[in-house]
Amino acid sequence: MIDFSLTKAWRSDDVRHTYTARDTILYALGVGIGSDPLDPAQLRFTYEKDLVALPTMAAVLASPGFWMRDRPELGIDFLKLVHGEQTIVLHEPLPVAATLIGRTRVTRIVDKGEGKGAVLHAEKTLTEEASGRLIATSEQVLFLRGDGGFSRSGGGDEAAPAALAPPDAAPDVVLDLPTRADAALLYRLSGDLNPLHVDPAVAAKAGFPRPILHGLATYGVACHGVVRALCGYDPTLLKSFRARLTSPVFPGETLRVEAWRCGDAEIAFRAKVVERDLVVLSNGRATL
């Protein structure tokens, strides 16, 4: 059973992450940018000349790793953990190369009840080592399917405000983004080496007919769509990006990003797999 006080007090050590232009380009390729190698706008993400970074790369930089597995005293059943939501907030444009210090802490643990699981929020800050400036804040929301009912032993936080659903109207923007058949092989080189995304035998044991795309890769593809369709390919206009991860994507499928303008600075969005007409990212919100 989860130890609420011990888990709520968890803080990572400082994670020092030096990345280069090559890493920034590799991340962009992993989420499908560069599908048209003659497009000057896409080349800004995939060619070191005038290089820019896609903001969602902040989610994978200076991460503490699979810390729940390494801290058994916390009582988290990590085998039943699911990544539920992801948010990034940019305090200034993400550098294309830097040394960042990542610091992660648990900010909220919600008990949904015995047999219903728990929800854990983990916040990561990214600070530039050289200047000490805060670059980005990232929040990961994890659904702990095996850990409901812990509050009987004390503790438990109030649930966070629910993510907003998209407007009940036709989207203002619809953009189809095909994913590569080898997308997971490329994306995993940005840090997530889980064999579920590359090994057919591991995928079969998990109940999938073949390896699935990383959830944060789907998240990055959707960010590419929003930056392309609503920011004129200028990633510095994007200030925050939030979405709920609802279903897996298979590499090679087409993601359809649907977006709604909600005033001057807010965008609602979702993403679905065209081939299966299945929503895979929901309750998306971006601010400009």
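Only the coordinates and a few stated rules stand behind these numbers; no lab work does. As the structure is a prediction and not an experimental result, all values here were calculated from the model. Cβ placement follows ideal geometry from the backbone for every residue including glycine, while neighbour counts extend to all protein chains displayed.
When only DSSP loop residues count, what trypsin sites (Lys or Arg not before Pro) in region 1-59 have their Cβ near at most 11 other Cβ atoms within 10 Å? Could you put the intermediate results ahead of the total?
Details: sites: K8, R11, R16, R22, R44, K49; in loops: K49.
In loop regions of region 1-59 (DSSP not H, G, I, E or B), the sparsely surrounded trypsin sites (Lys or Arg not before Pro) are K49.
Within region 88-188, list the GluC sites (Glu not before Pro) lying in a DSSP loop whose Cβ has at most 15 other Cβ atoms in a 10 Å radius.
On the way: sites: E114, E123, E128, E129, E139, E158; in loops: E114, E129, E158.
Hits after loop and neighbour filter: E114, E129, E158.
Using r as the Cβ-Cβ distance of R11 and A181, and R0 as 41 Å, what FRET efficiency do you calculate, to the nearest 0.05?
Numbers: r = 40 Å, r/R0 = 0.98.
The value I calculate is 0.55.
Highest GNM mean-square fluctuation, the chain, Cα pairs closer than 10 Å: which of S63, S153, S138?
S153
Rounded to whole Hz and in sequence order, give me ³J(HN,Hα) for region 136-152 from the Karplus expression 6.51 cos²θ - 1.76 cosθ + 1.60, θ = phi - 60°, writing x for Gly and Pro.
7, 10, 10, 10, 10, 10, 10, 9, 9, 5, x, 10, x, x, 5, 5, 4
Please work out the Cα center distance from region 220-288 to region 137-209, rounded to the nearest Å.
What the calculation gives is 14 Å, centre to centre.
Once you charge only the Cβ atoms, +1 for Lys and Arg and -1 for Asp and Glu, what is the size of the charge dipole of the chain about its Cα centre, to the nearest 20 debye?
Working: 32 positive and 35 negative charges, 84 e Å.
Dipole of the chain, to the nearest 20 debye: 400 debye.
What residues from region 172-215 fall in the zone where the backbone N is under 19 Å from a label point 7 Å along the Cα-to-C-beta line of L51?
186-192
Could you line up I212, I101, I267 from fewest to most neighbouring Cβ atoms inside 10 Å?
Working: I212 20, I101 16, I267 23.
With the sparsest Cβ surroundings first, the list reads I101, I212, I267.
Taking the Cα centre as origin and putting +1 on Lys and Arg beta-carbons and -1 on Asp and Glu beta-carbons, what dipole magnitude results for region 4-153, to the nearest 20 debye?
Details: 18 positive and 19 negative charges, 102 e Å.
Once rounded to the nearest 20, the dipole reads 500 debye.
For region 240-249, in order, what is each residue's ³J(HN,Hα) by Karplus, 6.51 cos²θ - 1.76 cosθ + 1.60 with θ = phi - 60°, in whole Hz (x at glycine and Pro)?
Taking θ as phi minus 60°, the curve returns 8, 8, 9, 7, 9, 8, 9, 8, x, 10 Hz for region 240-249.
Going by alpha carbons, how many degrees (0 to 90, nearest 10) lie between the helix axis of 21-30 and the longest principal axis of the chain?
Roughly 90 degrees between the two axes.
For region 1-107, run through the chymotrypsin sites (Phe, Trp or Tyr not before Pro) and keep only the ones in DSSP coil with at most 12 other Cβ atoms within 10 Å of their Cβ. Show your work: numbers first, answer last.
Details: sites: F4, W10, Y19, Y27, F45, Y47, F66, W67, F78; in loops: W10, Y47, F66.
Here the sparse-neighbourhood loop sites are F66.
When we measure straight from the Cα of K124, which lysines land under 21 angstrom away, once same-chain ones fewer than 8 places off are left out?
K8, K239
Compute the acute angle (0 to 90°) between the alpha-carbon long axis of helix 215-230 and the principal axis of greatest extent of the alpha-carbon atoms of the chain; round to the nearest 10°.
For helix 215-230, the angle is close to 40 degrees.
Pop out the ³J(HN,Hα) list for region 74-82 in order, Karplus 6.51 cos²θ - 1.76 cosθ + 1.60 with θ = phi - 60°, rounded to Hz; leave Gly and Pro as x.
Listing the rounded values in order: 6, x, 7, 7, 5, 5, 10, 7, 10 Hz.
Apply the a/c threshold of 1.5 to the C-alpha gyration tensor of region 4-153 and tell me whether it is rounded, prolate or oblate.
Working: a/c = 3.01, a/b = 1.98, b/c = 1.52.
Here region 4-153 falls in the prolate category.
Modelled label-to-label distance, D277 and A97, 7 Å Cα→beta-carbon offset: nm?
4.9 nm
Each label point is 7 Å from the Cα along the Cα-to-Cβ direction; what then is the distance between the points at V82 and K205, in nm?
For V82 paired with K205, the spin-label model returns 2.1 nm.
Hey, which lysines would be in cross-link range of K205, C-alpha to C-alpha under 16 Å, not counting anything within fewer than 8 residues on its own chain?
The reachable lysines, counting only those whose Cα sits under 16 Å from K205, are K80.
Which of M68, M1 comes first, and how do the rest follow, when ranked by fewest Cβ neighbours within 10 Å?
Values: M68 22, M1 13.
Exposure proxy ranking, most exposed first: M1, M68.
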